[in-house]
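Here's the structure, in structure tokens; my notes come after.
Nothing in this text is a laboratory measurement; each read-out follows from the coordinates by a stated rule. Values in this document were obtained by computation on a predicted structure and should not be read as measured data. Cβ coordinates were reconstructed from backbone atoms using ideal geometry, including for glycine residues, and neighbour counts include every protein chain displayed.
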């Protein structure tokens, strides 16, 4: 077969279309395609323009006319995306006959990136694809052409041809292919009745174009109508889905995002949705079969098999998706009731309601009380409590004691913390996801309580879930009333329940069917019945989902209706939660106007455990930011210490109490001997405020040296020395008594190089000299030993020694702010100042001291303490109270007992090595720095210019992937990493993997 060269293509464009252009060969399945780029200055009309030259076989003239007419038809429609336009030749014709019985045509070039090259393909982009594809389908509904009625292997309606080639595949491959082929045969009656129209028929990842906006991409156009055909209209959506769902762990969720947009413009019928799952599978069957045949015919041409591997990967995942669940999901996305019989069941159930006495005739109760076991439940307590059967039993007994003669129940659509474990975790399209939503109602009744059938039924399943020690025996009854069928499930039963009934046995309403099991029989910490209504067992014959992903709840609650429907009593009596929108609005109206929220879409956090924060939907986020919860969110020993002491006494320091002595003594052992006096306060701001006051009192002076972009708190005095605040947005003029030293940044600062510390420190010397010339003296110097808000800056080695030398020579006090850097975070040392072999006169501590409890400390020399004692009593109502001291002591004990300082050294070293490895792969990482678990990396271009928008993009994308990060630095381009100290190597690996994912994305790569 004669092929045309790029040079010949350029000649054709010049000769027949008066277009002077450089031609570049493009891939093509049937046609020969060339990209024409016009750069010749003597053809001003086409200068800078781009075209597509397509060369086709002469015998395809009718088909070419079909493609030409499609584009003409679509050009009359008001579409908000681009399509090629026909460029006529010198004779005013769309087609040109050329040598070798070929036809040439020229189309305008449609700008954009190929869908296949876009990374990431976000939810909004998939929704944009659905919108555009739906508009295209709708625009073609009134178009007709005789050539559209052709027999085409790629027409899903003709997919039967693939069955003849099953023998070329492996046994496992045949299993998947034949499944969809057989299902396709069975739906033919419905399928053939579906609406038909001309469709594009090949909206694959190389025919979909995306905008050059790498931050918020959207669909800009479609190309290549060569496979357009008159067929079932729904086929086009099936084809779009087959490519939009590739390369993703959860294809169904991705597909729903496309369908949601598509249905806005082409309203999908219930019959079309019923066939859609199978049609997606059929498109994949055609793709892999065609690829296998072409691979045998053209073994060296990769173009024919470009989609083969991702098609097989998707086919395997799609095969695992339950067909009915997919159908219900499609229905829900299109505004129908997810389950077709949902409303019918609800109407029937409300007309046939029974009382709880029908199910539990032996239970004497006067009312119903809900037991809150939601993810934010304070009744459950922290992980150590709700994971401890004895504690949980005690709490339940106490609750029952306060609610006598009641049936305790809970659970329907309750998001629970129990299910945020690895057993309920899966990889979603945006990181980890957890099946946290409970689909049944739990009745907390004694073991051996008889359970009776609420309605007539037949035993469908009776099974002992031996593999699941947390569930035990389970029974499912099938209930049939005329044309309505549903199921009722009973879980956590006694072993003797297995002997009462057999599969197929009929039961009457009110018949005893089971007993509630003991804890020893089902492994649960307290006896209870799990009761669930089900409209479709989804092919399960031994077990059924009792919990669901939050993202799929709308579908699951249709499949598993609310048990409230069948009971006369109102079961769900829990308080309705305030919506996130209302929370945000209330904050805006009634909380401080300067109070900000993190991330583009704020998080609704209700629980913390270790290194994780959990939102209202039970999604866990790896927290790499929160150094406040130093030994882990809600560490059990810290919580216990506070609870224990709070139950006994909490008062001020004017009474003798051992807790303040015990804590002070333990803290002093961690400090150098010269820091021998402790003052307790409530916050880092208070600690620094007191330190400044001490320095002023001791020296009699008011002038302070402070570091650029330093932050020391939110009270007046510390704001005056916090350059981060007064030089920032909404700030104020630098106070006359504050003198700022340049940020000692050895990567992008004023001075660079290994010995730049002296140069930075000399600014202190100059300022002191200038003040002296004015007859002024300094009170002291305050500085974070590692500078946090300044961008996780690690000052040069000799910086503090030199600054301290100049300050002390001038009679000033040296204050080390260890609010964010102390308590072992450095790994090598317990305090950051120890890294620099300096001896501060005052050390301030805050946030981590109480693991989030309001506790802070000022440690100073005995000399300073004595001079500060002027006769004016320093009294702090809550500083040093027994509860705070008990908590502070427990934090120190946990650091020791769990070797958290050593963990910071080991994990921090591992993490910084991983970050530097990423830095070599991704030049956008300009610098990696830090000590222990106080780390940061900044984003820069090749000239070290900061990239704040990239940092914001990274932080928000990481949040979407389940990892919380925060931005700092004067240019807002530094990602800080200061996690709870229980952060381990597995967490570090998760962070590094997700970072790598985002760094490969288009917005991060294209700087």
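Odds and ends about this structure:
- With a Förster radius of 60 Å applied to the beta-carbon distance between residue 773 and residue 425, the computed FRET efficiency rounds to 0.35.
- Antiparallel beta bridges, as assigned by DSSP with both residues in the chain, represent about 80 percent of the total such bridges.
- When only Cα pairs below 8 angstrom with a gap of at least 6 residues are kept, the range 343-566 shows a relative contact order of 22 percent.
- When you count the other C-beta atoms within 10 angstrom of each residue and take the mean per peptide, 495-502, 678-685, 916-923, 758-765 line up highest first as 678-685, 758-765, 495-502, 916-923.
- Full-stretch length increase - residue 651, residue 496 - with 0.36 nm per residue and alpha-carbon distance subtracted: 50.2 nm
- Structural descriptor for the chain: relative contact order 8 percent, calculated from alpha carbon pairs under 8 angstrom and at least 6 residues apart.
- The range 343-566: antiparallel DSSP beta bridges as a percent of all, rounded to 5: 90 percent
- Exposure proxy ranking for 929, 105, 512, based on other Cβ atoms within 10 angstrom of each Cβ and starting from the fewest, stands as 512, 929, 105.
- Using R0 = 60 Å, the C-beta based FRET efficiency linking residue 540 and residue 65 works out to 0.65.
- Computed from Cα atoms, the angle from the helix 123-140 axis to the main principal axis of the chain rounds to 20 degrees.
- Separation in nanometres of the label points that stand 7 Å from Cα toward Cβ, at residue 482 and residue 324: 2.2 nm
- Of the peptides 268-277, 821-830, the order by per-residue mean of other Cβ atoms within 10 Å, starting with the highest, comes out as 821-830, 268-277.
- Our estimate of slack between residue 297 and residue 899, defined as 0.36 nm per intervening residue step minus the Cα-Cα distance, is 210.3 nm.
- Spin-label pair residue 18-residue 758: with each label point 7 Å from Cα along the Cα-Cβ axis, the two points sit 7.6 nm from one another.
- Computed lengthening from residue 588 to residue 920, 0.36 nm per intervening residue step minus Cα-Cα distance: 115.2 nm
- Taking 17 Å as the cut-off, the amide N atoms of the range 699-715 that come nearer than this to a point 7 Å along the Cα-to-beta-carbon line of residue 870 belong to 699-704.
- Separation of the residue 79 and residue 213 label points, Cα + 7 Å toward Cβ, nm: 2.0 nm
- Ellipticity estimate at 222 nm from DSSP helix runs (n ≥ 4, -39,500 (n - 2.57)) divided over the chain, nearest 500: -10500 deg cm²/dmol
- Per-peptide average of other Cβ atoms within 10 Å, ordering 223-236, 949-962, 173-186, 370-383 highest first: 223-236, 949-962, 370-383, 173-186
- Taking a ≥ b ≥ c as the square roots of the eigenvalues of the Cα gyration tensor, the range 625-738 is classed as prolate, since a/c reaches at least 1.5 and a/b is larger than b/c.
- Rounded if a/c under 1.5, otherwise prolate or oblate - the range 114-329, Cα gyration tensor axes: rounded
- With R₀ set to 25 Å, the beta-carbon distance separating residue 124 from residue 1006 gives a calculated FRET efficiency near 0.85.
- When you restrict to C-alpha pairs under 8 Å that are six or more residues apart and normalise by the size of the range 280-371, the relative contact order lands at 18 percent.
- Cα gyration tensor category, rounded, prolate or oblate, for the chain with a/c compared to 1.5: oblate
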